[in-house]
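Engineer: One structure, as structure tokens, below. Some questions next.
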Amino acid sequence: MVEIRAVGFDLDGTLFDHRGSAIVGVDRFLESLGIGPSQDARALWFAAEEEQLERWRSRRIDFQEQRRERLRTVLPALGVQAPTEAADLDALFALYLRGYRAAWRSFEDSVELVQRVKATGRRVGLLTNGAEEQQLDKLRVTGLLEVFDHVCISESIGVQKPDPAAFRLLSAGLSVAPQECLFVGDNPLHDIDGARAVGMSALLVDRYGAHREGIEEAVMAQLE
């Protein structure tokens, strides 16, 4: 049996509470437009987010355009006319980003978990899809940046999960073979299938369901 010498983590939904932060951000944003927060409005927002981010991941649109498309989708559905000019859409989305960023938070056990893994003598890395500036900012704000040995962000490495190349770059940055790395993430396709495609072990976590109380026990059990 191959020894696990390193652990890689996904960021959003695994170590960083994107959904919790985004709910605060979208509620404040909609309130600024005179729309009362509701489960339906949040559902519209998150559905548009996932659809447009997937278009960005597949390189059909750029990162800024996926933000504009989210507004073009959500606002009319909530009875608000979306601006026609790109600059006006960008200014409007910036209102959401301010509320979202103000609510940024990691899950309570995240920093301690990464430190505990490091204390076993294993190297730890991060592999996340996203814009480099925003993802690094999340890591700084939450105190996660300093605990990693190596960080891979899709915009900077030029490839996105679940592309096997992304996971190979992570393992190379951690100076281990893919088979010597465990990857922990919340997305079955992007994280789990991508990791296993290069021979990594993989652990699927669900921060909003089965692992609501934390993931430390599940991760450490994989390292025994």
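Engineer: In Å and on Cα atoms, what radius of gyration and Dmax does the range 132-203 show?
Structural biologist: Answer for the range 132-203, Rg first and Dmax second: 12.1, 33 Å.
Engineer: Here is a further query. Could you check what % of the DSSP bridge pairs in the chain are antiparallel, to the nearest 5?
Structural biologist: Values: 1 of 18 bridges.
That works out to approximately 5 percent antiparallel.
Engineer: So, one more: Once every DSSP H run of n ≥ 4 in the chain is given -39500 (n - 2.57) and the sum is divided by its residues, what mean residue ellipticity at 222 nm do you get, rounded to the nearest 500 deg cm²/dmol?
Structural biologist: -15000 deg cm²/dmol
Engineer: Go through MET200, MET1 and list them by solvent-accessible area, largest first, probe radius 1.4 Å. Before the final figure, lay out the partial values.
Structural biologist: Details: MET200 10, MET1 235 Å².
Result, largest first: MET1, MET200.
Engineer: Counting Lys and Arg as +1 and Asp and Glu as -1, what is the net charge of the other residues whose Cβ lies under 14 Å from the Cβ of ALA47?
Structural biologist: Working: positive: ARG19, ARG42, ARG55, ARG70, ARG72; negative: ASP40, GLU49, GLU50, GLU51, GLU54, GLU69.
Overall, the nearby charge balance is -1.
Engineer: If we count every other residue with Cβ under 11 angstrom of GLY130's Cβ, Lys/Arg +1 and Asp/Glu -1, where does the sum land?
Structural biologist: Numbers: positive: ARG57, LYS138, LYS161; negative: ASP10, ASP12, GLU132, GLU133, ASP137, GLU155.
Within the 11 Å Cβ shell, the charges total -3.
Engineer: Another question about this same structure. Considering only C-alpha atoms, what is the centroid distance from the range 35-88 to the range 142-192, in Å?
Structural biologist: Using only Cα atoms to place each centre, the spacing works out to 28 Å.
Engineer: Just need log10 I(q)/I(0) for the range 66-163 at q = 0.10, 0.14, 0.23, 0.25 Å⁻¹, Debye formula, equal scatterers on the alpha-carbon atoms, no solvent, rounded to two decimals.
Structural biologist: With no solvent term, the Cα-only Debye profile gives -0.41, -0.70, -1.19, -1.26.
Engineer: Looking only at ARG57, ARG98, ARG168, which one moves most when the chain is put into a Gaussian network model with springs between Cα atoms under 10 Å?
Structural biologist: Comparing ARG57, ARG98, ARG168 in a Gaussian network model of the chain, the most mobile one is ARG98.
Engineer: In addition: Of all the Cα-Cα pairs you can form in the chain, what percent are over 22 Å apart? Provide the component values of the computation, followed by the final result.
Structural biologist: Details: 12997 of 24976 pairs.
The proportion of pairs with Cα distances above 22 Å equals 52 percent.
Engineer: Out of LEU126, LEU189, LEU170, any idea which swings most in a Gaussian network model of the chain, alpha carbons joined below 10 Å?
Structural biologist: LEU189
Engineer: Give me the net charge of THR120's neighbourhood, meaning all other residues with Cβ under 12 Å from the Cβ of THR120; Lys, Arg count +1, Asp, Glu -1.
Structural biologist: Details: positive: ARG5, ARG116, LYS118, ARG122, ARG123; negative: GLU3, GLU224.
After counting each charged neighbour, the total is +3.
Engineer: At 18 angstrom or more along the helix axis (alpha-carbon based) and mean Kyte-Doolittle of 1.6 or higher, what helices does the chain contain? Whole DSSP H runs only.
Structural biologist: Numbers: long enough: 18-32 (21 Å, -0.02); 39-57 (27 Å, -1.17); 63-77 (22 Å, -1.19); 86-102 (24 Å, 0.47).
In the chain, no H run is both long and hydrophobic enough.
Engineer: A further question follows. Determine how large the accessible area of TRP104 is when every protein chain is in place; take a 1.4 Å probe and give Å² rounded to the nearest 10.
Structural biologist: 30
Engineer: Averaging sequence separations of C-alpha pairs under 8 Å and six or more residues apart, then dividing by the length of the range 6-72, give the relative contact order as a whole percent.
Structural biologist: On the way: 27 pairs, mean separation 12.5, N = 67.
Worked out over the range 6-72, it gives 19 percent.
Engineer: Only Cα pairs within less than 10 Å get springs; with that Gaussian network setup on the chain, which residue of LEU144, LEU33, LEU15 has the largest fluctuation?
Structural biologist: Of LEU144, LEU33, LEU15, the most mobile in the Gaussian network model is LEU33.
The values are calculated or read from the model by the stated rules, or taken from the named source; none is laboratory data. Quantities reported herein were computed from a predicted structural model and do not represent experimental measurements. Neighbour counts are summed over all protein chains in view; Cβ atoms, including those assigned to glycine, are modelled from backbone coordinates with ideal geometry. Keep in mind that these areas ignore ligands, DNA and RNA; they rest on the heavy atoms of the full protein, side chains included. Shrake-Rupley method; radii C 1.70, N 1.55, O 1.52, S 1.80 Å.
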